Amino acid sequence: METITGGCTLWARQTIESEIFFYKPDKWFKIWFYLVNTVNHKDTKLFKRGEGLITYEDIIYKTKATKKQIEKCLKWLKREGMLGEQKTTRGNIKIVLKYGIFQNMKTYEGVHKEVDGGNGRRTEGGVDKQECKNDKNNNIDDFSIFWNLYDKKVGQTKCKTKWNKLSAKDKQAILDVLPAYKNAKPDKQFRKNPETFLNNRSWEDEIVQPSQPPKPLSDFEIIQAMKKMQDIRDAGGAYNADEFNKLKSIVC
């Protein structure tokens, strides 16, 4: 019997009659399906079962949904008690609520044990348990979290080798500092390659945040400056040159 690697998730037959599948926009179920299939299937040091660090960029890339569609869908999922969210320094952790219930074969009616006469494997509800056995590659490991957070996909193999040699303390420090590092280097072409970042222990360096550009003036402020300049001209005589030049710089 042909097997499929990577593990599996369970979906009730009545899913096709659910509100998100039947009544909501098509993209919403695609988003939900992606979330359920992406969160951890078992507890790890970083995340519990049913949790995962999933960014808007990840969802957009995998589902082709717009940010607005994702925002509306996530808001509805939270309101319906299907999804939770926990803010951390590494980003927002998505939590599929009741994951342990719905990803358990014993939850579903009609579950029965039988033996496939062809290969002797025991199945539940007609689903081969070997196919549904969680594969270790199905888990979002800590390197995957770093790789997706860093978001400069260069030299993955060497980078992973280096990452696996780091202590748990260093890994946590890196994940904590990445949001600030990315904010300082929003254009990924100016970020160090991830392997270089790890080799140089760059997470220990000072991060210089870019200076904020001056807030653009509103149309109202510009019009007011023009009126004051005109008033000065109309009044004639001596005037404060510094004040006039300041108004001129606003208008021009």
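Brief remarks on what is shown
To keep it simple, each residue is scored yes or no on (1) β-branched (Val, Ile, Thr); (2) farther than 26 Å from ILE145 by Cβ; (3) touching a residue at least 24 places away in the same chain (Cβ under 8 Å).
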position	(1), (2), (3)
ILE4	yes, no, yes
GLN14	no, yes, no
PHE29	no, no, no
LEU77	no, no, yes
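- Among the residues of region 159-174, those that are basic (Lys, Arg) and surrounded by 11 or more Cβ atoms within 10 Å (Cβ to Cβ) comprise LYS160, LYS162, LYS171.
- Qualifying position, being modelled with pLDDT of 90 or more, out of contact with any Gly (no Cβ under 9 Å at 6 or more places or on another chain) and in a loop (DSSP other than H, G, I, E, B), among THR9, THR3: THR9
- Among the residues of region 57-75, none qualifies, meaning not one is touching a residue at least 60 places away in the same chain (Cβ under 8 Å) and hydroxyl-bearing (Ser, Thr, Tyr).
- Residue check for ILE93: modelled with pLDDT of 80 or more, part of a strand (DSSP E or B), among the aliphatic types (A, V, I, L, M) and surrounded by 17 or more Cβ atoms within 10 Å (Cβ to Cβ): yes
- Residue check for ILE60: at pLDDT below 90, assigned to a helix (DSSP H, G or I) and in contact with a Ser or Thr (Cβ under 9 Å, 6 or more places away or on another chain): no
- Verdict on LYS160 being farther than 26 Å from ARG49 by Cα and not in a loop (DSSP other than H, G, I, E, B): no
The values are calculated or read from the model by the stated rules, or taken from the named source; none is laboratory data. On a predicted model such as this, the values are computed, not experimentally measured, just so you know. Cβ atoms come from the backbone with ideal geometry, glycine included; neighbour counts cover every protein chain shown.
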